[in-house]
Amino acid sequence: QLQLVESGGGLVQPGGSLRLSCAASGIIFSINAMGWYRQAPGKQRELVASITSGGNTNYADSVKGRFTISRDNVKKTVYLQMNSLKPEDTAVYYCNAEGVRRWSLSAPSDCWGQGTQVTVSS
């Protein structure tokens with residue numbers, strides 16, 4: 001029943017900034033982690049940043065120092081602040097919920113949003 005909806009993508013010049021939002025809805029028991037992935041044309045989908053239920057964060061080397069993942073538990077929203085954007089950041093960005101459990105003894109599963117396009121170009 002969990003649904004993830006991304007927003008905030010668009011066209012931006014190199015060096016610019018964008019903030020992506022992932023709004024979650026639905027009732028579940030628990031989530032192990034939330035993450036942002038991206039997929040450029042002809043390339044594999046890759047993990048950009050993640051945040052665990054305990055608040056620990058992890059970033060791809062290519063975005064360290066430029067991107068920040070955060071979470072607002074009250075609003076049930078995960079954010080990805082992207083600064084100093086580069087053309088190679090161009091991709092469809094997807095929000096992911098990992099280890100979703102409907103009930104305490106349920107097998108974990110993943111949930112994906114529909115994606116939002118980020119284009120960095122002059």
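Worth a mention:
- Within the accessible surface of the chain, defined with a 1.4 Å probe on protein heavy atoms only, the carbon and sulfur portion equals 49 percent.
- Relative contact order of the range 1-67, defined on C-alpha pairs under 8 angstrom at six or more residues apart (%): 22 percent
- Protein heavy-atom accessible surface, 1.4 Å probe, per residue over the chain: 56 Å².
- Spatial separation of Cα centroids for the range 11-26 and the range 84-122, in angstrom: 12 Å
- D_trans [Stokes-Einstein, Kirkwood Rh over alpha-carbon pairs] for the chain, 10 °C, 1.306 mPa s, µm² s⁻¹: 109 µm²/s
- About the Cα centre, charge dipole magnitude for the chain (Lys/Arg +1, Asp/Glu -1 at Cβ), debye: 160 debye
- Extension gain from Gln117 to Val5, taking 0.36 nm per residue of separation minus the Cα-Cα distance: 39.0 nm
- Among the protein heavy atoms, those of Lys76 account for about 100 Å² of accessible surface (1.4 Å probe, every chain in place).
- Those Cys residues of the chain for which no other cysteine Cβ falls under 4.7 Å: Cys111
- In this structure Arg71 has an accessible area near 80 Å², from a 1.4 Å probe over the protein heavy atoms.
- Hypothetical label at Glu98: residues of the range 55-79 whose amide nitrogen lies under 20 Å (7 Å Cα-Cβ projection): 55-73, 77-79
- Cα-based reach from Lys86 at 23 Å (exclusive), listing lysines while leaving out same-chain residues under 8 positions away: Lys43, Lys64
- The range 1-73 shape via C-alpha gyration tensor axes, a/c threshold 1.5: prolate
The values are calculated or read from the model by the stated rules, or taken from the named source; none is laboratory data. A quick note: this is a predicted structure, and the numbers were derived from the prediction, not measured. Quick reminder, even Gly has a Cβ in these numbers, built from the backbone with ideal geometry, and neighbours come from all protein chains shown. The area values use the complete protein model at the heavy-atom level, side chains included, leaving out ligands, DNA and RNA. Shrake-Rupley method; radii C 1.70, N 1.55, O 1.52, S 1.80 Å.
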